[in-house]
Amino acid sequence: MVLQYGFLQGTFGLPYGGYCVRPQRLGNIMLSADNPGISMFCVLGRYSDVLAWLDERSNRTVASLCTTQGTFTHDLTVEVYNKSSTLVRLMRGKGAIDVQLVIRIARTWDHDAMDYKSNPEDGSACRSFRPMLRVLVPSGVALSDISAALKRAEPYTLLDATGDKSLLDT
């Protein structure tokens, strides 16, 4: 899969699916819940390539603009959705699977731990719509710090890094 990045479009507000609209020039990324065109940023590609892309852009930050909607917080949610089959994951490992990484403004309920009542690896259809990794980070974080947080995250759990003050020492 060729690496793609840009603002996520065509998802009807959902953080998966859709397509990327690549900006002409990538500066610091500002997300706004009030503007659907810039409410989510995504990177698509192999997991190892996505992490390398984030690491290479250590001088770029992601922040949220103030929003008027009461369900949003000042934090960011980073989710990684698996786009590969179970067989590919087992044969090649996590670094070689195709993923869709989505960065969006966190909602108040994102701070609750993910609730998996059934095994996410059981092959059910709902597995496709659950993020493989979910990390909460403070607004204003560097892309390379998002990569570091994803490397620490455990699959199908929530890593809340919003209290990590070192993430904002850029």
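The values are calculated or read from the model by the stated rules, or taken from the named source; none is laboratory data. Worth saying up front: this structure is predicted, and the values here are computed from it rather than measured. Ligands, DNA and RNA are excluded from the accessible area calculation, which covers all protein heavy atoms including side chains. Shrake-Rupley method; radii C 1.70, N 1.55, O 1.52, S 1.80 Å.
Please give the per residue volume of the convex hull enclosing the alpha carbon atoms of the range 6-51, rounded to a whole number of Å³.
85 Å³
How many percent of all Cα-Cα pairs in the range 28-84 sit more than 13 Å apart?
67 percent
At 0.36 nm per residue, and after removing the present C-alpha to C-alpha distance, how many nm does the segment from residue 58 to residue 21 gain when stretched out fully?
Extra length available between residue 58 and residue 21 comes to 11.2 nm.
What are the ³J(HN,Hα) couplings of the range 136-151, residue after residue, when phi is run through the Karplus curve with 6.51, -1.76, 1.60 and θ = phi - 60°? Round to Hz, x for glycine and proline.
Those phi angles translate into 9, 10, x, 5, x, 7, 6, 4, 5, 6, 5, 4, 4, 5, 5, 5 Hz.
Under a 1.4 angstrom probe, counting protein chains only, how are 22, 104 ranked by accessible area, largest first?
22, 104
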